[in-house]
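What follows is a single structure, written as structure tokens, with notes after it.
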Amino acid sequence: MKNLELNTWLVALDKTEMDYNIIKHVHFWEKILKPKHITFVHIRKESENWDSGDNTHFNKMVKKERELDHKWIELMNERIKSNGADTPFDVKVNYGNSFDRVLEICHKDKINLVIAGKKQKSESAGTLSEEFARRLPASFLLIPENAQSKCDNIMIASDFSDYSSYAISYAANLVSTMPNKIQLHIANVYSVPTGYHYIGKTFEECGYDMQKHAQNKMDRQLKTLNLNDIMVHFHLKKESHCAKHIFDMSNECNADLVVFGAKGATETAYNLIGSTASRMLRFVGKAPLLIIKKPGESYSFLKALGQIIEPT
């Protein structure tokens with residue numbers, strides 16, 4: 001498998017108290033993931049056309065906004081430095097259409113990980129984060145506001161696909177570089193075929209058979225990856241979607257990070273990162289969610305990036 005390097009980060013800020021929480025977590029994760037450069041950015045929409053024919057008031061307003069933005073950049077620089085930043089970084093406020101501004105940053109800095117926060121009480125946070133992750137050619141780390149800065153347990157979701165193998169391999173390689181003991185967990189949600197009753201078995205009997213089948217596939221997957229010492233959790237699907245089960249399993253094992261391998265977007269399917277990974281963005285609880293994509297599967301920035309960083 002081609003190595004996944006998450007060495008250039010774009011951190012989305014929105015000029016709220018959440019920014020300070022994000023900075024704290026970025027500092028924690030940079031010690032683990034060891035990036036080479038981090039860009040902190042806030043995208044401000046330009047004001048709409050001024051209705052009055054006299055632009056004096058508009059110009060005064062823009063001047064004041066620029067002054068406030070400059071002070072905010074200075075404040076963020078001091079805050080990031082005070083958190084003990086080890087990685088070179090810069091702080092930016094960009095103006096105008098989010099598509100254009102983010103596109104410029106991604107092209108210039110070759111961003112391969114985008115980080116954003118999730119406000120637990122924001123009704124739009126789930127759908128916004130989902131759209132954020134769907135449209136990115138880079139990997140995506142979503143940090144909930146109540147997340148703790150620790151990494152003792154990592155859970156990886158597996159459906160036995162190449163993408164989940166890639167995620168497991170990435171997590172295992174990451175853990176191997178850590179001086180402290182980190183427990184890896186794998187979550188698999190299996191289901192009972194709808195026509196089970198035609199073969200004369202009960203739901204429970206067929207569920208038992210399907211779990212054994214899942215266990216065999218998991219054994220093959222881990223053997224192929226040459227991995228052991230990983231705790232595997234199986235869960236029979238009863239909810240309407242696997243994401244809720246994975247969310248529950250991550251809570252049960254006290255996961256500090258949940259990892260998904262997702263399809264890199266293409267021109268014809270740019271909005272598909274995998275339905276379970278996508279839905280997990282809505283269920284994310286106390287653990288950050290990392291959606292990783294294989295290098296080389298990214299779609300064209302021009303066709304894939306939309307308005308992805310909007311302050312809410």
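Being over 18 Å from the mean Cα position of the chain (by Cα) and aliphatic (A, V, I, L, M), is that true of even one residue in region 144-160?
To start, the set of residues in region 144-160 that are over 18 Å from the mean Cα position of the chain (by Cα) comprises 152, 159-160.
Then keep just the ones that are aliphatic (A, V, I, L, M); that gives none.
Looking through region 144-160, none of the residues is over 18 Å from the mean Cα position of the chain (by Cα) and aliphatic (A, V, I, L, M).
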Pairs returned, first residue in region 64-84 that is without any contact (Cβ under 8 Å) to a residue 60 or more places away in the chain and of a type in the set (S, T, N, Q), second residue that is assigned to a helix (DSSP H, G or I) and loosely packed, with under 10 Cβ neighbours inside 10 Å, beta-carbon separation under 6 angstrom, 6 or more apart or interchain, are none
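I'd like to check something: does region 206-218 contain any residue that is assigned to a strand (DSSP E or B), in contact with a strand residue (DSSP E or B) (Cβ under 9 Å, 6 or more places away or on another chain), at pLDDT 90 or above and among the small types (Gly, Ala, Ser)?
Let us first name the residues in region 206-218 that are assigned to a strand (DSSP E or B), namely none.
Within region 206-218, none of the residues are assigned to a strand (DSSP E or B), in contact with a strand residue (DSSP E or B) (Cβ under 9 Å, 6 or more places away or on another chain), at pLDDT 90 or above and among the small types (Gly, Ala, Ser).
Mind checking which residues of region 135-166 are among the charged types (D, E, K, R) and under 24 Å from Ile230 (Cα atoms)? Steps first, answer last, please.
So in region 135-166, the residues among the charged types (D, E, K, R) come out as 135, 145, 150, 152, 159, 162.
Matches in region 135-166: Lys150, Asp152, Asp159, Asp162.
From the residues in region 219-239 that are of a type in the set (D, E, K, R) and assigned to a loop (DSSP other than H, G, I, E, B), which one is modelled with the highest pLDDT?
Residues of region 219-239 of a type in the set (D, E, K, R): 219-220, 223, 229, 237-239.
Now drop any that are not assigned to a loop (DSSP other than H, G, I, E, B), which leaves 229, 237-239.
Values: Asp229: 80, Lys237: 85, Lys238: 78, Glu239: 66.
Looking at the filtered set, the residue picked out is Lys237.
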If the Cβ limit is 9 Å and pairs must be 6+ apart or interchain, which residue in region 225-244 that is under 16 Å from Val175 (Cα atoms) and assigned by TED's automatic domain parsing to the domain that holds Met210 pairs with which residue that is surrounded by 12 or more Cβ atoms within 10 Å (Cβ to Cβ) and β-branched (Val, Ile, Thr)? Leu225/Ile168; Leu227/Ile168; Ile230/Ile156; Ile230/Ile168; Ile230/Ile186; Met231/Ile186
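If I ask for residues that are modelled with pLDDT under 80 and in a loop (DSSP other than H, G, I, E, B), which ones from region 106-137 would you list? Don't jump to the end; show me each part of the working.
Residues of region 106-137 that are modelled with pLDDT under 80, as a first pass: 106-107, 119-137.
If the condition is that a residue be modelled with pLDDT under 80 and in a loop (DSSP other than H, G, I, E, B), then Lys119, Gln120, Lys121, Ser122, Glu123, Ser124, Leu136, Pro137 are the ones that fit.
Considering each residue of region 169-187, count those that are part of a helix (DSSP H, G or I), hydrophobic (A, V, I, L, M, F, W, C) and touching a residue at least 60 places away in the same chain (Cβ under 8 Å), and give that number.
First, pick out the residues of region 169-187 that are part of a helix (DSSP H, G or I): 169-176.
Pick out the ones that are also hydrophobic (A, V, I, L, M, F, W, C) and you get 171-172, 174-175.
When the remaining residues are screened for being touching a residue at least 60 places away in the same chain (Cβ under 8 Å), the result is 171, 174.
Here the count works out to 2.
The values are calculated or read from the model by the stated rules, or taken from the named source; none is laboratory data. Bear in mind that the values here come from a model prediction, so they are computed numbers and not experimental data. Neighbour counts are summed over all protein chains in view; Cβ atoms, including those assigned to glycine, are modelled from backbone coordinates with ideal geometry.
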